[in-house]
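The values are calculated or read from the model by the stated rules, or taken from the named source; none is laboratory data. Bear in mind that the values here come from a model prediction, so they are computed numbers and not experimental data. Here the Cβ is made from the backbone with ideal geometry for all residues, glycine too, and neighbour counts use every protein chain on show. Each accessible area value is taken on the protein alone, full model and side chains, heavy atoms only, with ligands, DNA and RNA left out. Shrake-Rupley method; radii C 1.70, N 1.55, O 1.52, S 1.80 Å.
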Amino acid sequence: MKPPRSALPLPRYVERKPLKSGGWGYFFHVPSWAKKAGCTVHSERLGTDYQTAVSRAETLLLPAFDAWRTGSSAPAALSSSSTFGTLDWIFAEYRSDRRYTKLDPKSKRNHEVGFKLVGGYVLKDGKRLGEKRLTAIDTALTDDLYEKLLILKIADAEGNVIERERRTTVNHAMKSCRRAWNVVARRHPGRLPLVNPFSQMGLRSSNRETPTAAYEELVAFRTKAVELGLPSLATAALIGWEWLQRETDIFAIFDVSHYRPKERRNMVRIIDEKTRQEGWIPLFDDAGAPVYPELMAELDAIKRDRIGGLMLCRDWGERGPWPTWPKPDQPDFTHVSRKVKEVIRAARLRDELSFTSFRHGGFTEGGDAELTDREMLAQGRHTTVKVLPKYTKRTTRQIVNGAKKRRAARTKDGHLSE
């Protein structure tokens, strides 16, 4: 029997395969183009232990592969563990600590991205920073590294070099290294330098707002999702837009029994996992007309063929749930995010859009429609108006509507500006 799917993140060129004896096996595969070019690093079995497999791939195999690919001096001969007293050793030690192993998959992925970004930085002498002795890594070096990593240079389709700031990513990387250093310093008292060079860096948060989708982009996304055989994602995006729900609420909580149950045929039960708010949304107005006709038509069609379980499931195979559950109370939405991004790119929409963009678009539509704060709080199930600016973006339509209201009030009192 095939073991349950694992959503734990894997390094580059590492593959997870089910074993006949049960459980998972991990394998490092050198790509075929590298083999043909005479790569000196070879494919190998990494065993069945996840932490050991990741550690060997990240600290030994991938650095050796990158050294071969870039033509720099190759790392020292591969051994079963990273060199004691190096930054790679700190990362490996942290991965084996309970304070890392108990983290959810998303947090682990964020840490791994940071370790790869910092540890994989190639210095002027051709060595990776991860190979450096801890005594050689000081605050001046990390401050300089931060500035160099902050700007990413990429080439567009026409070959033009474009510079893009990635402040959030680099901030996370520095925080991950700071955390790893502190944990390992506690595990090995007296064996690390007293000053953590990743502490007190004065990191400034990015002012970047979550990209907000326009209604036209919602329509384009839904159309393309249906064309690609993913109608459940089309429905999910509309739920996020209309009912202002998050991924967890839509994919991991929304049950068939919540929609038009026998005791409340004209309502849907909404559960907000983050705010712990729960309520019922009416589906018809006082005249009996449907409030959400497009969404209701899709959900009615799903419920006709379903007895129970999650409302939205995958559109292929055994139609299992979209998220996975590495831990019972921590759903992982990696697969959802990847499929959403595939649809966004296939529809030729802005690449910065994500599933969350549709929820923010619904909030902003409410602002354009001049909903009051109480109406916005009721729809979004928030408890304070302080959070509304985060979701309801300022638009030119809101500015124009505000100007018209001010002018109407001015002329009503007989104070004409002409």
Can you check what the net charge comes to around PHE27, using other residues whose Cβ is under 12 Å from the Cβ of PHE27 (Lys, Arg +1; Asp, Glu -1)?
+2
With a bin width of 5 angstrom, please list the P(r) values of the range 262-313 as percents of all Cα-Cα pairs, from the 0 bin to the one holding the largest distance.
4, 15, 22, 28, 19, 9, 2
Longer than 29 Å from Cα to Cα, which of LYS175/LYS327; LYS108/LYS339; LYS175/LYS224 are they? Say none if no pair is.
LYS175/LYS224
Sort 26-34, 246-254 by packing, meaning the average of other beta carbons within 10 Å per residue, with the highest value first.
246-254, 26-34
With just the Cα atoms defining each centre, how far is the range 299-324 from the range 79-155? Give it in Å.
41 Å
Förster-model FRET efficiency, 22 Å R0, ARG264 and ASP305, C-beta, rounded to 0.05:
0.55
According to the Cα gyration tensor, what semi-axes, each the square root of 5 times an eigenvalue, does the equivalent ellipsoid of the range 213-275 have, listed from largest to smallest in whole Å?
23, 14, 11
Counting only protein heavy atoms with a 1.4 Å probe and every protein chain in place, the carbon and sulfur fraction of the accessible surface of the range 195-322 in whole percent equals 49 percent
With labels modelled as points extended 7 Å from the Cα through the Cβ direction, what inter-label distance (nm, one decimal) is found for ARG12 paired with ARG345?
1.6 nm
Can you work out the accessible area per residue across the range 108-225, with the rest of the protein chains kept in place, probe 1.4 Å, in square angstrom?
59 Å²
Residue separation between LEU123 and GLU44 times 0.36 nm, minus their alpha-carbon distance, gives in nm 25.6 nm
To the nearest Å², the heavy-atom accessible area per residue of the range 259-300 with 1.4 Å probe amounts to 63 Å²
Given R₀ = 25 Å, what would the calculated FRET efficiency be for ARG338 paired with THR275, taking r from the Cβ atoms and rounding to 0.05?
0.40
